[in-house]
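Trainee: Shown below is the structure under consideration.
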Protein chains: 2
Amino acid sequence: MDYIQKYIEVHKERFIDELFGLLRIPSISAKSENKMDMVAAAEYLKKMFLGAGADNAEIFSTNGNPVVFAEKIISKDKPTVLVYGHYDVMPVEPLEEWNSVPFEPVIRDGKIWGRGADDDKGQLFMHIKAFELMNRTGKLTCNIKFMVEGEEEIGSQHLGQFCADHKKLLEADVILISDTTMISPEIPSITSGLRGISYMQVEVTGPSRDLHSGIFGGNVVNPCNALCDMISSLKDKDSRITVPGFYDDVYECGVEERKVMSERPFNREKYMESIGVTALNGELGYTEIERTGIRPTLDINGIWGGYTGEGTKTILPSKAHAKISMRLVPNQEPEKIAALFEEYLAKIAPDGVSVKTRYLHGGEAYMSPIDSPEYKAAEIAVESVFGKKPIPVRSGGSIPIVATFEKVLGIKSILMGFGLESDAIHSPNENFPLEQFFKGIESVPRFFENYAKFKGAR
Amino acid sequence: MDYIQKYIEVHKERFIDELFGLLRIPSISAKSENKMDMVAAAEYLKKMFLGAGADNAEIFSTNGNPVVFAEKIISKDKPTVLVYGHYDVMPVEPLEEWNSVPFEPVIRDGKIWGRGADDDKGQLFMHIKAFELMNRTGKLTCNIKFMVEGEEEIGSQHLGQFCADHKKLLEADVILISDTTMISPEIPSITSGLRGISYMQVEVTGPSRDLHSGIFGGNVVNPCNALCDMISSLKDKDSRITVPGFYDDVYECGVEERKVMSERPFNREKYMESIGVTALNGELGYTEIERTGIRPTLDINGIWGGYTGEGTKTILPSKAHAKISMRLVPNQEPEKIAALFEEYLAKIAPDGVSVKTRYLHGGEAYMSPIDSPEYKAAEIAVESVFGKKPIPVRSGGSIPIVATFEKVLGIKSILMGFGLESDAIHSPNENFPLEQFFKGIESVPRFFENYAKFKGAR
């Protein structure tokens, strides 16, 4: 046991208690009713940063939810690591599928259960506690800054502006983020790329009121049927997206890159079993790893219209709605994709209904080089804790703000994530294994140590 | 003013008060929470029948909601009219679109506003008050029986059995029903046919839980997208239903019948304006009147799946649902159509999802001859009150029990309805013009008078 492991061993119960305090705050950014909880979460974090030894910690208001900033500067000659995370979480519906209360965290079977346990309160908290550890043991080797936002799950709408307004404050050599997964503790990985996203909401309106489906059925274009037709027209039989121009800017991976990717282990049977399906399907001509890693996709996130209650109601509904998101790959611009989508829907809408399309949020894809000092530092840190060299993985998820960081601040990010796919983030029964939590805390000081060394050596 | 008009004039305010008492009971048959309201409505009706002069009135329990029976037998030599109606109503959602509270009836602009004002509490009440009128004025010319059920809006699931169990009690020469519309007070009409219905609920299941749409999107068959694809496959580009065998038993109208139908006035512009659409569409090769009158159709009544709340949630949902009803024409059998539908959906479901189809309720179509004594009696009654000979109309709606009456009891029904299309039945702001209500009450004794005459003359 070295000083890192010892510190964790001594303080682990307090670490969990303090994390639970944050998990108990229902900071759901999608819901306006939770507005005050966002402030409560930010204040809780400020207290934590000061407790861990920050020189200063500050809550910045934005036009949305507040941003928490904290820092400790040890020397102008040392490199600076900016840690990014978010304190907002996803909605918790459907509540009846949770085995415990989402905002009353519990430990069961060696895991922390609760909304945000992994994404991203749990993973963010590893950094706060690692900072405390480095600080209290006198081993802080880099300057450290924290920027924690409350709008990641709704598209980080105000963080770009915050970055533009505080460039000086946020100056750093690298941004370190734990908001992703690794393949497994046995096959550790580091995320080397993220997909972008365009998230749309569609409203189809037919008649001005719900009609009797017998009296009017046969003459009136049913907006629910029309929406289904339109959605069905968004992909062809090969699962390629049919929106004209959609693939125009797609970054096509070379043969070599696809070959490296194919070496990543993938167990189709286990994958299907873990999500309870008996077959997979996706874009023709690509493997499962490629379909989520390097190819754009389109999914309905929600659909509703007409009578959805118990029993029967014989109406021809007035309206139908859908939330549809497209995951994007490098070079695709979210706003452009949103515009193409809107244009196409307007074109294919049948006479007799009107269509309103809203662009709810978006973000660009991101690729990280795997030969940079920060990648190497992360690689060594993860290997020393997990006992195996991590492999680089292009993730299917999106952290749109990562592309913004590069554009606005000119800083590259490193995505050293400790979540597992079984953590059920965004789903009922979100969880985070205690072992991943503590190994995450252990990895961070090792990253700092190596990063300081590499930067010093350059 | 004859005795009928005078009696109505003297008692009209009380008639309205008594109807309001019934309208205030939220007897929504689709919702289990309203179970006790069904009993309250039945008891209210029993009181009304006794007050109007019934020899006896009785509430029969069934395996569903109770049936109210009442009668007055004046002579074995007189024909017997069995009046059918229903005291159950449709759900009231979306509540925010109502201009007044659904179960607090009010009079505004010469109309009664509230759920059930027309369908069918208002129209049923006309018969109760007409019975009172005939009784108190000593002009009852036929024996009269009432059978009022509480499950019409959910498919009259237990009334067939009730009829089979009480054949003797229900013996009659004709069944008189006011649960339909006329074209307008200026163009009165009598419904000479009804469509049947098969009402289905579909559940599509993909992964066993909601998944992160980024991590999994591209590999996993999205049940919402799959449902849209399947629904889109239910009709071809000519709006013909593609379920194999669907049209096999359809009663095809002859040229002559279609010619008579084409003489019914239809103002496309006004029709579109009344429902707020700018275009109509339906099965190729048929007119608007034919599309609702003599052709089967398919409509989504409701659809839901995934996240439908405020803002964004990036999930690939576990489930998708739809309520889909098909309106049927003579000779189509609801159970057979339901089976064909289920078979087809199972066939077109993509690998990676499973489909459960439930048959919620159904009923056969009905056609009524227009040269029978009951049709003639209704024709004269309506003409004497509205000043114009009513035209026979094949309605798009369904009253499945009418076909059951013929099968089980061997009695034909006459559909003398006084609703208007603007009454917004099944919709927010259901209403019933006072003038139609009172003209309805006036028409009933005139029907009895002529029916007794025609039956006596045979």
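No value in this document is a laboratory result; all are computed from the given coordinates. Note that the coordinates shown come from a computational prediction; the quantities given were computed from them, not determined experimentally. All Cβ positions, even for glycine, are placed from backbone atoms using ideal geometry, and neighbour counts span all protein chains on display.
Trainee: State to the nearest 20 debye the size of the charge dipole of the stretch A:203-274 about its Cα centre, where the only charges are +1 on K and R beta carbons and -1 on D and E beta carbons.
Mentor: 240
Trainee: Taking 25 °C and 0.890 mPa s as the conditions, I'd like the Stokes-Einstein D for the stretch A:175-263 in µm²/s, using the Kirkwood hydrodynamic radius from alpha carbon pairs.
Mentor: Answer from the Stokes-Einstein relation: 133 µm²/s.
Trainee: Distance between the C-alpha centers of the stretch B:55-106 and the stretch B:271-310? Whole Å please.
Mentor: The distance from the Cα centre of the stretch B:55-106 to that of the stretch B:271-310 comes to 29 Å.
Trainee: A follow-up question, please. Quick check on the exposure proxy: order A:46, A:323, A:35, A:76 from fewest to most C-beta atoms within 10 angstrom.
Mentor: A:76, A:35, A:46, A:323
Trainee: Once you keep just the Cα pairs under 8 angstrom separated by 6 or more residues, what percentage relative contact order results for chain A?
Mentor: Computed value for chain A: 25 percent relative contact order.
Trainee: Would the stretch B:30-188 count as rounded, prolate or oblate if I go by the C-alpha gyration tensor, calling it rounded below 1.5 in a/c and otherwise prolate when a/b exceeds b/c, oblate otherwise?
Mentor: Here the stretch B:30-188 falls in the oblate category.
Trainee: Let me ask something else. Counting other Cβ atoms within 10 Å, keep those with at most 16, restrict to DSSP loop, and tell me which trypsin sites (Lys or Arg not before Pro) in the stretch B:368-437 are left.
Mentor: Answer by residue number: B:388.
Trainee: Just to be sure I follow: if Rg is taken over the C-alpha atoms of the protein assembly as shown and Rh is the Kirkwood radius over the same atoms, what is Rg/Rh?
Mentor: We get a ratio of 1.10 for the protein assembly as shown.
Trainee: How far is residue B:257 from the same spot in each other copy, in nm, shortest first, if each label point sits 7 Å from Cα toward Cβ?
Mentor: Here the equivalent label points are 6.5 nm apart from this one.
Trainee: Run through the DSSP bridge list for chain B and note the antiparallel percent, rounded to the nearest 5.
Mentor: 70
Trainee: Starting at the first residue of the stretch A:392-398, write each ³J(HN,Hα) from the Karplus equation 6.51 cos²θ - 1.76 cosθ + 1.60 with θ = phi - 60°, in whole Hz, x for Gly and Pro.
Mentor: So the J values, rounded to whole Hz, are x, 10, 7, 7, x, x, 10.
Trainee: Would you please give the FRET efficiency between residue B:331 and residue B:108, computed as 1/(1 + (r/R0)^6) with r the Cβ-Cβ distance and R0 = 41 Å, to the nearest 0.05?
Mentor: So the FRET efficiency works out to roughly 0.40.
Trainee: Same structure, new question: Rounding to the nearest 20 debye, state how big the charge dipole of the protein assembly as shown is about its Cα centre with +1 on each Lys and Arg Cβ and -1 on each Asp and Glu Cβ.
Mentor: 180
Trainee: Provide a whole-number value for the mean count of partner chain Cβ atoms within 10 Å of the Cβ atoms in peptide B:319-331.
Mentor: 3
Trainee: With the crude spin-label approximation of a point 7 Å out along Cα→Cβ, what separation in nm comes out for residue A:6 versus residue A:284?
Mentor: 6.4
Trainee: Which of A:235/A:356; A:76/A:412; A:313/A:356; B:237/B:389; A:356/B:31 have a Cα-Cα distance over 29 Å?
Mentor: Long pairs (Cα-Cα over 29 Å): B:237/B:389; A:356/B:31.
Trainee: Between residue B:17 and residue A:351, what is the FRET efficiency for a Förster distance of 51 Å, r being their Cβ-Cβ separation, to the nearest 0.05?
Mentor: According to the calculation, E is roughly 0.60.
Trainee: 7 Å along Cα→Cβ for the label point: how many nanometres lie between residue A:347 and each equivalent label in the other copies, listed shortest first?
Mentor: Values, ascending and in nm: 3.3.
Trainee: Out of all DSSP beta bridges in the protein assembly as shown, what portion is antiparallel? Express it as a percent rounded to 5.
Mentor: Among the beta bridges of the protein assembly as shown, antiparallel pairing accounts for roughly 70 percent.
Trainee: Work out the charge dipole of the stretch B:21-65 with +1 on the Cβ of Lys and Arg and -1 on the Cβ of Asp and Glu about the Cα centre, then indicate which of B:45, B:65, B:30 is farthest towards its positive end.
Mentor: Farthest along the dipole direction, towards plus: B:30.
Trainee: If you don't mind, there's one more thing I want to ask. Please give the average number of partner chain Cβ atoms lying within 10 Å of the Cβ of each residue in B:89-99, rounded to a whole number.
Mentor: Mean partner shielding for this stretch: 3.
Trainee: Output, in nm with one decimal and in ascending order, the distances from the residue A:185 label point to the matching label points of the other copies (7 Å from Cα along Cα-to-Cβ).
Mentor: Those separations, rounded to one decimal, come out as 8.0 nm.
Trainee: Most exposed first by the Cβ proxy, i.e. fewest other Cβ within 10 Å, how do A:408, B:106 rank?
Mentor: With the fewest neighbours first, A:408, B:106 line up as B:106, A:408.
Trainee: In nm, give the distance between the simple-model label positions of residue B:267 and residue A:270, each being 7 Å from the Cα along the Cα-to-Cβ direction.
Mentor: 7.2
Trainee: Lysines near residue A:12 by alpha-carbon distance under 17 Å, same-chain residues fewer than 8 away left out - which ones?
Mentor: Residue A:12 reaches A:111, A:121, A:129, A:439.
Trainee: Suppose R0 equals 60 Å; then what is the FRET efficiency for residue B:372 and residue A:183 from their Cβ-Cβ distance, rounded to the nearest 0.05?
Mentor: Using R0 = 60 Å, I get an efficiency of 0.20.
Trainee: When the Karplus curve 6.51 cos²θ - 1.76 cosθ + 1.60 is applied with θ = phi - 60°, which whole-Hz ³J(HN,Hα) does each residue of the stretch A:284-294 get, with x for Gly and Pro?
Mentor: Each residue's phi maps through the Karplus curve to give 4, x, 10, 7, 4, 5, 5, 4, 9, x, 10 Hz.
Trainee: To the nearest 20 debye, what charge dipole does the stretch B:333-436 have about its Cα centre, counting +1 at the Cβ of each Lys and Arg and -1 at the Cβ of each Asp and Glu?
Mentor: In total the dipole reaches around 140 debye.
Trainee: Another question about this same structure. Would you give the gap between the C-alpha center of the stretch B:171-191 and the C-alpha center of the stretch B:252-270, rounded to a whole Å?
Mentor: Taking the Cα centre of each part, the stretch B:171-191 and the stretch B:252-270 sit 19 Å apart.
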